[in-house]
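Peer 1: The structure's right below; bear with me while I get my questions together.
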Amino acid sequence: MSVLTIDGVWKTFHGHSVLRGIDLEVDPHEVVSLIGASGSGKSTLLRCVNLLETVDDGTIFLDGAEITDPRVNVDDVRKRLGIVFQSFNLFPHMTVLDNITLAPRQVHNAGRAQAEEQAHDLLARFGLAEKARAYPDQLSGGQQQRVAIIRALATQPRLMLLDEVTSALDPELVREVLGIIRELKESGMTMVITTHEMGFCRDISDTVCFLDGGVLVEQGPPEKIFTDPEHARTREFLSGVL
Ligand code: ADP
Ligand code: MG
């Protein structure tokens, strides 16, 4: 069964449809990338999955259960998602350790010792063991974003949603964040990502989806999309960014 099924999703803001009937399936362990020009609807689609936006039409299923049903418990859905945005939303007044253990303790009722042990394991795994007691402003942007990813992982999400997680970083810091995403893929994490890093996208994705004006124009394996796309609009977009 798919982890995520998006079926005919429409979203309109002030009479302007920014998602126009999106269909997408994400299988277990699959990495799906959304590419397309700024304003094509990538973030809005992720926000619909996270229930930060309500869809105007269509349905979204997570592990086979409809999450666009108005009776759904939003917190229960979000518990199963790990979300990281472009801007690192770490809590500035909390240490790295407290940032990471907050959700496991408050949302998932983990005990402090257990949550901290897991956080230390994750920090060690991603090369940040010595930063547990640091505050966010004592870290580089790349380290902060790695902590944000670790924090999202700490609740053992079913699906990670990563929206332009390297866009706010200086070029020399991008690579360390891409490295952690690559390792997540190798560990079998299911992910939907948006990125402007086309080389990375091609390398890591199982499926690449090209969005244009809220339409999912085409999707396929990266070799196909990047070298032999079906649609002129895809070719045009890629010729501008590759
Ligand atoms: P992308 O992530 O591909 O750059 P977005 O999903 O952020 O695109 O935006 C798609 C379109 O939706 C844009 O035209 C944007 O201005 C519009 N949009 C996004 N969120 C809102 C909102 N809350 N209110 C009004 N318009 C919005
Ligand atoms: Mg966006």
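The values are calculated or read from the model by the stated rules, or taken from the named source; none is laboratory data. Everything numeric here is computed off the predicted structure, so don't read it as measured data. For neighbour counting, all protein chains shown are included, and Cβ atoms are generated from backbone atoms with ideal geometry for every residue, glycine included.
Peer 1: Select from the range 5-28 the residues that are closer than 22 Å to L62 by Cβ, hydrophobic (A, V, I, L, M, F, W, C) and free of Cβ contacts under 8 Å to residues at least 60 places away in the same chain and write down the one among them that is farthest from ligand 2 (Cβ to nearest atom).
Peer 2: Of everything passing the filter in the range 5-28, W10 is farthest from ligand 2 (Cβ to nearest atom).
Peer 1: Can you tell which of L238, L211 is over 30 Å from F61 (Cβ atoms), modelled with pLDDT of 95 or more and touching a helix residue (DSSP H, G or I) at 6+ places or on another chain (Cβ under 8 Å)?
Peer 2: Exactly one of L238, L211 is over 30 Å from F61 (Cβ atoms), modelled with pLDDT of 95 or more and touching a helix residue (DSSP H, G or I) at 6+ places or on another chain (Cβ under 8 Å), namely L238.
Peer 1: Ok, one more. Which ranges mark the strands (runs of 3 or more DSSP E) fully within the range 24-123 that have 2 or more residues being more than 15 Å from the chain's Cα centre (by Cα) and within 16 Å of ligand 1 (Cβ to nearest atom)?
Peer 2: Fully inside the range 24-123 and qualifying: 57-62.
Peer 1: Mind checking which pairs have a first residue in the range 29-43 that is on the phi > 0 side of the Ramachandran plot and a second that is within 11 Å of ligand 2 (Cβ to nearest atom) and not in a strand (DSSP E or B), Cβ under 8 Å, 6 or more apart or different chains?
Peer 2: G36/K42
Peer 1: Find the residue count for the range 181-211, including only residues that are more than 13 Å from the chain's Cα centre (by Cα) and over 28 Å from E230 (Cα atoms).
Peer 2: Matching residues across the range 181-211 total 4.
Peer 1: Follow-up question, since we're still on this one. Would you please name the residue that is surrounded by the most Cβ atoms within 10 Å (Cβ to Cβ), looking only at residues in the range 127-176 that are within 16 Å of ligand 1 (Cβ to nearest atom) and of a type in the set (A, V, I, L, M)?
Peer 2: Result: V165.
Peer 1: Another one. What is the residue count in the range 44-56 for residues that are on the phi < 0 side of the Ramachandran plot, without any contact (Cβ under 8 Å) to a residue 40 or more places away in the chain and away from ligand 2 (no atom under 13 Å from the Cβ)?
Peer 2: Residues that pass the stated criteria total 1.
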